[in-house]
């Protein structure tokens with residue numbers, strides 16, 4: 001990274017938080033109203049507008065869809081007010097169903113790296129395994145049996161397998177994985193949505209989650225890898241294909257080995273910035289609190305180079321017209 005880019009990157013932390021704050025505030029108006037598309041659309045448009053003030057020449061490489069699916073922040077979209085060339089990974093609302101139901105742990109997320117440093121992952125499934133920081137390298141492996149991974153993790157954490165908690169998306173496709181975890185003696189927390197937050201939970205002692213396993217979205221895998229890079233966590237992911245067209249799409253995006261087992265470093269290389277703002281409360285972040293023309297947000301920003309993790313509580317005041325427009 002150049003001297004100028006490094007200086008700019010250091011100053012981007014608050015800019016990124018403003019981007020996620022804008023998305024979180026906008027979609028929080030739809031919390032519990034049963035309208036996930038409206039919530040997502042509000043987050044997307046607010047995030048897009050907020051990016052107009054960020055001093056970067058950004059390209060969305062992990063987004064919500066293709067160009068013809070606008071108003072999503074689509075893959076290939078240019079964002080920013082001009083500056084260093086950067087890769088952008090976004091999920092303006094991670095947990096659309098969560099917000100629609102008024103449930104816990106929805107977040108607005110942005111990750112940033114120098115151009116070319118994020119894996120260009122298509123919107124397909126990815127098999128994932130992840131643990132938090134402070135553990136021996138290679139303590140778990142995507143290709144190892146479930147019981148072996150749990151034994152190795154318990155040994156590294158100096159606890160019994162029965163003390164471990166595995167986070168898994170509640171999907172029919174995970175029935176066998178869930179059964180194997182239970183057979184090994186581990187406890188399980190099932191989440192309905194939000195596997196970025198699920199992966200990040202492995203880094204939060206207060207979450208009670210020790211390991212994340214299962215299949216989720218590949219774009220979310222890259223965003224989660226960016227967060228883990230900042231705190232020393234470990235993650236492996238492998239792209240999964242339901243059709244030959246998906247495999248061809250992956251190769252066209254620059255992946256040379258469609259069956260490669262990616263590490264977190266391979267998914268998010270170089271100096272990475274990660275920012276998230278809570279929409280609804282969870283183990284990592286408190287949700288948006290709204291009152292009249294006032295809102296309070298709770299955000300986190302992380303940087304891989306320094307390992308710094310900053311939490312920011314912000315108080316926002318709006319005119320009645322602006323607030324009602326959410």
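The values are calculated or read from the model by the stated rules, or taken from the named source; none is laboratory data. Nothing here was measured: the structure is a model prediction, and the numbers come from that model. Here the Cβ positions follow ideal geometry from the backbone for every residue, glycine too, while neighbour counts run over all protein chains shown.
State all residues of the range 123-136 that are surrounded by fewer than 21 Cβ atoms within 10 Å (Cβ to Cβ) and either in contact with a strand residue (DSSP E or B) (Cβ under 6 Å, 6 or more places away or on another chain) or modelled with pLDDT under 95 (or both); if no residue qualifies, say none.
In the first step, residues of the range 123-136 are kept if they are surrounded by fewer than 21 Cβ atoms within 10 Å (Cβ to Cβ); the result is 123-125, 127, 133-136.
Answer for the range 123-136, where residues must be surrounded by fewer than 21 Cβ atoms within 10 Å (Cβ to Cβ) and either in contact with a strand residue (DSSP E or B) (Cβ under 6 Å, 6 or more places away or on another chain) or modelled with pLDDT under 95 (or both): 123, 124, 125, 127, 133, 134.
Would you check which residues across the range 193-214 are closer than 23 Å to residue 136 by Cβ, in contact with a strand residue (DSSP E or B) (Cβ under 7 Å, 6 or more places away or on another chain) and either crowded, with 24+ Cβ neighbours inside 10 Å or modelled with pLDDT of 95 or more (or both) and list them?
Within the range 193-214, 198, 199, 201, 202, 209, 210, 211, 212, 213, 214 qualify.
Does the range 233-246 contain any residue that is in contact (Cβ under 8 Å) with a residue 12 or more places away in the chain, within 23 Å of residue 98 (Cβ to Cβ) and in a helix (DSSP H, G or I)?
Taking the range 233-246 as the starting set, the residues that turn out to be in contact (Cβ under 8 Å) with a residue 12 or more places away in the chain are 233-242, 246.
Among the residues that remain, those that are also within 23 Å of residue 98 (Cβ to Cβ) are: 233, 235, 237.
Among the residues that remain, those that are also in a helix (DSSP H, G or I) are: none.
Within the range 233-246 (the criterion being in contact (Cβ under 8 Å) with a residue 12 or more places away in the chain, within 23 Å of residue 98 (Cβ to Cβ) and in a helix (DSSP H, G or I)), the answer is no, since none of the residues qualifies.
Any residue in the range 96-111 that is over 18 Å from residue 194 (Cβ atoms) and not assigned by TED's automatic domain parsing to the domain that holds residue 225? So that I can check it myself, show each step before the final result.
Residues of the range 96-111 over 18 Å from residue 194 (Cβ atoms): none.
No, the conditions are met nowhere in the range 96-111.
Yes or no, residue by residue, for (1) in the same structural domain as residue 109 (by TED's automatic domain parsing); (2) surrounded by fewer than 19 Cβ atoms within 10 Å (Cβ to Cβ); (3) touching a helix residue (DSSP H, G or I) at 6+ places or on another chain (Cβ under 7 Å):
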| site | (1), (2), (3) |
| --- | --- |
| 14 | yes, yes, no |
| 20 | yes, no, no |
| 26 | yes, no, yes |
| 34 | yes, yes, yes |
| 40 | yes, no, yes |
| 43 | yes, no, yes |
| 52 | yes, yes, no |
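Pairs, please: C-beta under 7 Å, at least 6 apart or cross-chain, first residue free of Cβ contacts under 8 Å to residues at least 24 places away in the same chain and in the range 274-294, second in a strand (DSSP E or B) and surrounded by fewer than 20 Cβ atoms within 10 Å (Cβ to Cβ)?
Note: pairs meeting the criteria are 289/296.
Residues are listed down the side, and each one gets a yes or a no for (1) within 28 Å of residue 286 (Cβ to Cβ); (2) free of Cβ contacts under 8 Å to residues at least 40 places away in the same chain; (3) outside the structural domain of residue 276 (by TED's automatic domain parsing):
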position	(1), (2), (3)
141	no, no, yes
151	no, yes, yes
159	no, yes, yes
164	yes, no, yes
168	yes, no, yes
172	no, yes, yes
185	no, yes, yes
188	yes, yes, yes
193	yes, no, yes
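Count, please, the residues in the range 232-254 that happen to be under 25 Å from residue 159 (Cβ atoms) and surrounded by fewer than 20 Cβ atoms within 10 Å (Cβ to Cβ). Can you show your working first?
Going through the range 232-254, the residues under 25 Å from residue 159 (Cβ atoms) turn out to be 232-236.
If we keep only those that are surrounded by fewer than 20 Cβ atoms within 10 Å (Cβ to Cβ) as well, we get 232.
Going through the range 232-254 one residue at a time, the tally reaches 1.
Here are 185, 217: which of them is surrounded by fewer than 24 Cβ atoms within 10 Å (Cβ to Cβ) and at pLDDT below 95?
Working: 185 fails: at pLDDT below 95.
Result of the check over 185, 217: 217.
With the requirement that a residue be within 20 Å of residue 144 (Cβ to Cβ), touching a strand residue (DSSP E or B) at 6+ places or on another chain (Cβ under 8 Å) and assigned to a loop (DSSP other than H, G, I, E, B), what does the range 159-177 give you?
164
Condition (residue is at negative phi, exposed (fewer than 13 other Cβ atoms within 10 Å of the Cβ) and modelled with pLDDT under 95) applied to the range 284-301: is it met by at least one residue? Can you show your working first?
In the first step, residues of the range 284-301 are kept if they are at negative phi; the result is 284-291, 293-301.
Checking the rest, the ones that are also exposed (fewer than 13 other Cβ atoms within 10 Å of the Cβ) come to 291, 294.
Filter once more, keeping what is modelled with pLDDT under 95: 291, 294.
Looking for residues that are at negative phi, exposed (fewer than 13 other Cβ atoms within 10 Å of the Cβ) and modelled with pLDDT under 95, one finds at least one in the range 284-301, hence yes.
Please state which one of 270, 307, 282 is within 17 Å of residue 196 (Cα to Cα), assigned to a loop (DSSP other than H, G, I, E, B) and more than 13 Å from the chain's Cα centre (by Cα). Spell out the reasoning first.
On the way: 270 fails: within 17 Å of residue 196 (Cα to Cα); 307 fails: within 17 Å of residue 196 (Cα to Cα).
Unique residue meeting the criteria: 282.
Just one of (1) over 25 Å from residue 33 (Cα atoms); (2) part of a loop (DSSP other than H, G, I, E, B) trips up residue 64, so point out which.
The failed condition is (1).
Would you mind finding the one in 146, 166 that is modelled with pLDDT of 95 or more, surrounded by 23 or more Cβ atoms within 10 Å (Cβ to Cβ) and more than 30 Å from residue 253 (Cα to Cα)? Step through it out loud before you land on a result.
Numbers: 146 fails: surrounded by 23 or more Cβ atoms within 10 Å (Cβ to Cβ).
After applying the criteria, what remains is 166.
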